[in-house]
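A quick write-up on the structure given underneath.
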Amino acid sequence: MKTFECGSLVPGCEWHTSAEEEAEIVHRAVDHLREVHGERVMRESMVENVKQRIHDDGSDRAA
Ligand SMILES: [Zn+2]
């Protein structure tokens, strides 16, 4: 399972999302950034910024 925490990109935001697919997280994060933050934080580099901050929580690794 992978997780993205918006607070790593937008200090103070507590929104986060988890999914198995990086693409799904990017999709949700982009929607969130547009709706909540008005996309003012970043533009063309938004996807890269999100990807760089996705981390694997390891919950599906040790099984
Ligand atoms: Zn946010």
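The values are calculated or read from the model by the stated rules, or taken from the named source; none is laboratory data. This structure is a prediction, so every number in the text was calculated from the model and none was measured. Note that each Cβ is placed from the backbone with ideal geometry, even for glycine, and that neighbours are counted across all protein chains shown.
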Every residue in the range 1-41 that is surrounded by 17 or more Cβ atoms within 10 Å (Cβ to Cβ) and aromatic (Phe, Trp, Tyr), please. 4
Taking the stated definitions as given, is residue 44 at pLDDT below 90, charged (D, E, K, R), on the phi > 0 side of the Ramachandran plot and more than 10 Å from the ligand (Cβ to nearest atom)? no
For the range 2-18, which residues satisfy the criterion of being under 11 Å from residue 53 (Cβ atoms), of a type in the set (Gly, Ala, Ser) and touching a residue at least 12 places away in the same chain (Cβ under 8 Å)? 8
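Please find, within the range 6-27, the residue that is farthest from residue 47 (Cα to Cα) out of those that are charged (D, E, K, R) and more than 11 Å from the ligand (Cβ to nearest atom).
Top of the filtered list is 20.
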